[in-house]
Structure formats: C-alpha cells, structure tokens
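Have a look at the structure below before the remarks.
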Amino acid sequence: MSDPSPVFGREASSRPSRASLRTAVVWDVLKDALDRRVKATGKDCLDVLDTGGGSGNFAVPVARLGHRVTVVDPSPNALFALERRAAEAGVAERVSGVQGDIRGLFDVVGRDGYDVVLCHGVLEYVDDPAEGVRNATAALRGGGALSLLAAGVGGAVLARALAGHFTEARNALSDPAGRWGTGDPVPRRFTADQLTELAGAAGLDVGAVHGVRVFADLVPGVLVDTEPGAAEALLKLEAAAAELSSFHAIATQLHVLGEKPA
C-alpha cells in the first residue's frame, strides 16, 4: 500500500504546499487512527465512511492506503469530481460516492458498518449538530473511530481582528453561533469544549483534540512561498502547537478524534 501524502503536496523532495499546511495535522491523526484500527481488527482493508466528503480530499488518499471508502455528499457535482479524482489516482474500485447528507444518513448507508467515519466541515452547516454526531457514531462498528473537524470560534475572532474588523471580531466572540455578522458565510463555529461535549453525548470516548491551522491562515503567503525553509518550518510549528490546549482557542479549525466503545 502506498503512502498517500503526495496528494497533499508533501513529497519529500519538494516544499510543502499551502494545502498540505492546512491539512497535515488532521491527516497525521487520521492515518494513525487507521493504522490502529488495522492492528485492532486484523484487517488490511477497512471500511471508511466520509460524510460530506465532497470531491475526495481525504477519501482518495485514504483509498490509496488500501481502504474502501464511501463518500456521502449532497452535491452531484462534487461526487462527479470525486469519481474523476479517484480514477486519476487509480483507486476507483475502492471509492464509491452516494448522494445524501448526514441528517438522512441511513437512507443511503447502513448502521454499524464502518471502522472509521470522517465528519469534516459538516457540523457548521447542519441544523442539529448533535444529531449529526449521533448519526456518524451510529454508523461506526464497535471500537471504530470518528474524526470530527469543524470551524473554530477563536480563529474567526482573531482573523477579523487582524484584518481591522474589530466590531465583527467582537460579534463573533459574543454570538452563540460564533458568527461575525450577516455576511458571514459560515453558519456556525465551535469551541473545543463544545465539540468534545457533542462527541461525549453521542457515546464516544474522546481520545485527542487538535487545533488545526493555528498559524497557517495568519502567515503571509509570500513569506511561505519565498523564504527558504519557511514552509517546512511552519509545518513543524503547526504540528507542535496542534495538541497544546492553549492554542485551541485561536485555531481556525478544531479536530476531535473519538472512539466508539467496543
């Protein structure tokens, strides 16, 4: 089974891409979770569900590790792009897409059928995040892992403040949904405590919480692209800060890994 990290622009011979700087922390945690499930189950090929997986940013690399991935997404265009991307990566036989959403998840997939479930960038947009996490958990087999990734309140506050939009920053700080105003494209943001509470209420044992894109969205792109060694150093900084709770409050995204009791 091949290492899928080049999909994220992390080839050993080249500078990390901007995309990899934003996804590396999540990918590393997810790959570790997959490896643990392989060892625990004795199966080389896991069944993975990616809810809201779109065009396959995570699904295709997971399939390149040798796992079967089902992507549920409401967008036909995204699923078409997924099919094309999987074919180009040579993993079309291990990736399947189905139109649907997490609210009606069990209209299109079965319960208790997956070793790992991804729920990335979904909870911000659903009417009932708690229901979304419950459904994702119900899709897991006992002992399976759920990867939750959602927008963080603190990152939005910091970004608006650094852009000089101080009133919007204060709005995001005080708004129950973490929104900075009517023009905010994100319907809802979370704190680390809120995400872990959602996971716990769904019956998951929370194993790890990570801050994602703590610095990557704040550093000027020209610096990363032109300063020798800057991208590699930033990648290491993101990894070092990800597990420190003191940085969760300013992360653009938050990642929670939970495990369903066996």
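The values are calculated or read from the model by the stated rules, or taken from the named source; none is laboratory data. Owing to the predicted nature of the structure, the values given are computational and were not obtained by experimental measurement. Glycine also receives a Cβ, built like all others from the backbone with ideal geometry; neighbour counts cover every protein chain displayed. Calculation scope for accessible area: heavy atoms of the full protein, side chains included, ligands and nucleic acids excluded. Shrake-Rupley method; radii C 1.70, N 1.55, O 1.52, S 1.80 Å.
Report, ordered by chain and residue number, the lysines lying within cross-link reach of K260, taken as a straight Cα distance under 19 Å and ignoring same-chain residues fewer than 8 apart.
The reachable lysines, counting only those whose Cα sits under 19 Å from K260, are K31, K39, K43.
Enumerate the aspartates and glutamates that K236 could reach by cross-link, defined here as Cα to Cα under 18 Å, with residues fewer than 8 away along the same chain left out.
Within the straight-line cut-off, K236 pairs with E11, D28, D32, D217, D225, E227.
Provide the per-residue ³J(HN,Hα) series for region 137-147, in order, calculated from phi with Karplus coefficients 6.51, -1.76, 1.60 and θ = phi - 60°, each as a whole number of Hz, with x at glycine and proline positions.
5, 5, 7, 7, 6, x, x, x, 10, 10, 9
Please list, in order along region 215-223, the HN-Hα scalar couplings obtained from phi with the Karplus expression 6.51 cos²θ - 1.76 cosθ + 1.60 (θ = phi - 60°), rounded to whole Hz, x for Gly and Pro.
10, 4, 7, 9, 6, x, x, 5, 5
Subtracting the Cα-Cα distance from 0.36 nm times the residue separation, let me have the gained length for T167 to R36 in nm, one decimal.
Full extension from T167 to R36 adds 42.6 nm.
R0 = 30 Å: FRET efficiency of D127 with D44, Cβ-based, nearest 0.05?
Here the calculated transfer efficiency is 0.20.
Give me the percent of DSSP beta bridges within the chain that run antiparallel, rounded to the nearest 5.
40
Give a residue-ordered list of calculated ³J(HN,Hα) values for region 69-78 (Karplus: 6.51 cos²θ - 1.76 cosθ + 1.60, θ = phi - 60°; whole Hz; x for Gly, Pro).
For region 69-78, the Karplus curve yields 10, 10, 9, 10, 8, x, 9, x, 5, 5 Hz.
So, by mean Cβ neighbours within 10 angstrom, what's the order for 22-32, 149-159 with the highest one leading?
Most protected by this proxy first, the peptides run 149-159, 22-32.
If I compute Cα Rg over 2.2 N^0.38 Å from the structure I just sent, which labelled value in [x] 0.99; [y] 1.35; [z] 1.26 lines up?
From the options [x] 0.99; [y] 1.35; [z] 1.26, the structure gives [x].
Which order do E259, E131 take by accessible area at a 1.4 Å probe, largest first?
Sorted by accessible area, descending: E259, E131.
Between A230, A59, A239, where does the largest GNM mean-square fluctuation fall for the chain, given springs only between Cα atoms within less than 10 Å?
With Cα springs under 10 Å in the chain, the top fluctuation among A230, A59, A239 is at A230.
For the chain, what does the helix formula give at 222 nm: sum of -39500 (n - 2.57) over DSSP H segments with n ≥ 4, over the residue count, nearest 500 deg cm²/dmol?
It lands at -12000 deg cm²/dmol.
I'd like the FRET efficiency for A233 and D28, computed as 1/(1 + (r/R0)^6) with the beta carbon distance as r and R0 of 25 Å, rounded to 0.05.
The value I calculate is 0.90.
Would you mind computing, in nm to one decimal, how far apart the modelled labels at D107 and A177 are, each placed 7 Å from Cα along Cα→Cβ?
A separation of 2.2 nm, rounded to one decimal place.
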